[in-house]
Amino acid sequence: MENKKKKMPKWLIIVLVILGIAVVGSLFSPDSSSENNNEKKTFSEKQERFSIIEGTETGYADDYGFAYYIEGTVKNNTDKKYTYVQVSYNVYDADNNNLGTCLANNNNLDANETWKFKAVCSGDAKSIVSYKLDEITGW
């Protein structure tokens with residue numbers, strides 16, 4: 001009596017390996033509520049997670065006019081800890097020309113925690129007369 005073992009087709013083995021890799025990869029990827037998919041979220045959806053505490057924003061040039069700073073306080077409005085949070089502002093001259101971006105970032109913003117930031121712009125700080133929040137992102 002001949003004992004034949006049935007072999008799995010090679011294409012089935014390849015499909016199973018790919019599915020296995022996909023499952024393992026999904027276990028180690030950030031959760032679906034993370035900001036890594038910024039393109040799929042609107043500005044207002046991102047802002048619900050974070051907000052600038054009203055009355056905390058101030059903008060000023062340093063004494064030498066080499067840098068412009070915007071200070072304020074970001075609030076994490078979620079029950080989730082974010083390992084990275086970034087705030088960005090666009091800055092403008094007297095003719096409302098966009099002169100660039102001010103950025104600040106923080107690692108490990110705990111759930112419902114606040115962060116006092118100091119965003120920095122380089123360039124001709126004396127030309128900056130106004131600023132506008134661009135976005136707050138985090139993951």
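The numbers here are math on the coordinates, done by the rules we state, and not lab data. Quantities reported herein were computed from a predicted structural model and do not represent experimental measurements. Every residue, glycine among them, receives a Cβ derived from its backbone with ideal geometry; neighbour counts consider all protein chains shown.
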Between K116 and N90, what is the label-to-label distance in nm when each label sits 7 Å out along the Cα-to-Cβ direction?
3.0
For segment 74-82, what does the Karplus curve 6.51 cos²θ - 1.76 cosθ + 1.60, with θ = phi - 60°, yield as ³J(HN,Hα) per residue in whole Hz, taken in order and with x for Gly and Pro?
9, 10, 7, 8, 10, 8, 10, 7, 9
Tell me, what HN-Hα J-couplings in whole Hz come from the Karplus equation 6.51 cos²θ - 1.76 cosθ + 1.60 at θ = phi - 60° for each residue of segment 126-131, using x for Gly and Pro?
5, 7, 6, 10, 8, 8
Extended-chain gain in nm, criterion 0.36 nm per residue less alpha-carbon gap, T58 and T83:
6.4 nm
Using only Cα atoms, what is the ratio of the radius of gyration of segment 35-138 to 2.2 N^0.38 Å?
1.10
J(HN,Hα) series, segment 85-99, from Karplus relation 6.51 cos²θ - 1.76 cosθ + 1.60, nearest Hz, glycine and proline x:
9, 9, 10, 9, 10, 8, 10, 9, 8, 5, 8, 6, 7, 6, 9
Interchain or sequence-distant (5+) residues whose placed amide H lies within less than 5 Å of the amide H of F50 are N77
Considering amide H positions built from the backbone, and no H for Pro or chain starts, which residues 5 or more places from T56, or on another chain, come under 5 Å of its amide H?
T73
Give me, ordered by chain and number, the residues 5 or more places off G100 or on other chains with an amide H under 5 Å from its own placed amide H.
V91
